[in-house]
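Working notes, structure below.
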Amino acid sequence: MQKNTPPRSTIRLTRRGRIALVATGAVVVGTAVAVPLLTLGTEEESRPTTLAIPEGWRASQVYAAVDKALALPAGSTKKSLDKAALKLPNDAEGNPEGYLFPATYPLEEKVTPDKLLALMVDTANEKFNGAPIAAGAQRNAMNVYQAVTIASIVQAEAATRADMGKVARVIFNRLERGMPLQMDSTINYALNRSTLRTTEGDTRIESPYNSYQRMGLPPTPIANPGEEAVRAAINPPPGNWLYFVTVRPGDTRFTADYQEHQRNVAEFNAQAKKKETGAKAAG
């Protein structure tokens, strides 16, 4: 166990790698990224002919997109899960989160929600169960489902694709040292949100996805990761990093030294305060 871990009230790893210092009262708000429903079709057609699922979408977003693309009442796709007969790992216990693979899917004339979900899961199995992902998971003493779970956190936390491997290494290092992950992306998943404030109260919620209160990985993936995030999860670069913070766009700093991390956080908070002051002045 890590005996020199700073108190939980002083640090938390946040979505997109941001850090907020709760002890000093600083609260960081994530940047909302709106991802449109990506569909293609002709003006003459009554509905699109393809549906693109972006990397990092949650199952709930996929369900809503399928409902919209197929012009179905809200909730129809989720209700179809019972008859979809999805080929999921046993660990998933019927929950397809993480296995609705991000890709562009054809919307044939007679396609149904359950068949579309089955195609997404089949695509995920094809990608995840072959080499090198299955072998990479085994090499890291985990199964594929655990690798996909780590990849889903990487997808949510990494500010850039270049940072994915380092974020994965932070996750491995924290797990190996018996440290809680303290990822705000898992809190957001528990609260079914993406960009709202994470407060001290949020970190005390009763949820298996609360990575502040519970050790280890969340029970399921928290989104549907793309191939790059999965590759990062099975083959992270070597490093001793335990903390990371995106000080400004394109400048994510990883460190194993808590004091250095605090300085990075202070710089980030100064940048955030400066932007807030400028926004108020402009308004």
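What to note about this one:
- Modelled spin-label separation between GLN138 and ALA266, with each label point placed 7 Å from Cα along the Cα-to-Cβ direction: 5.0 nm.
- Accessible surface ranking that places the most exposed of LYS127, LYS273, LYS110 first, with a 1.4 angstrom probe: LYS110, LYS273, LYS127
- All Cα pairs of region 166-283, percent lying beyond 26 Å: 27 percent
- Counting only the Cα atoms, region 113-162 fills a convex hull of 100 Å³ per residue.
- Between ALA71 and MET215, residue separation times 0.36 nm minus the direct Cα-Cα distance comes to 47.7 nm.
- Förster radius 25 Å - calculated FRET efficiency between ALA85 and LYS127, Cβ distance, rounded to 0.05: 0.80
- Radius 14 Å from Cβ of ASP114, net charge of other residues (Lys, Arg +1; Asp, Glu -1): +2
- When the surface is traced with a 1.4 Å probe over the full set of protein chains, LYS78 keeps roughly 130 Å² accessible.
- Region 134-206: radius of gyration over Cα atoms, expressed as a fraction of 2.2 N^0.38 Å: 1.19
- In the context of the full protein assembly, ILE205 retains an accessible surface of approximately 40 Å², using a probe radius of 1.4 Å and ignoring ligands and nucleic acids.
- Anchor LYS115: lysines whose Cα lies under 19 Å away (excluding residues fewer than 8 positions away in-chain): LYS68, LYS78, LYS79, LYS83, LYS87, LYS127
The values are calculated or read from the model by the stated rules, or taken from the named source; none is laboratory data. Not measured: the values here are computed from a predicted model. Note that each Cβ is placed from the backbone with ideal geometry, even for glycine, and that neighbours are counted across all protein chains shown. Side chains are part of the model used for accessible areas, which takes the heavy atoms of the whole protein and leaves out ligands, DNA and RNA. Shrake-Rupley method; radii C 1.70, N 1.55, O 1.52, S 1.80 Å.
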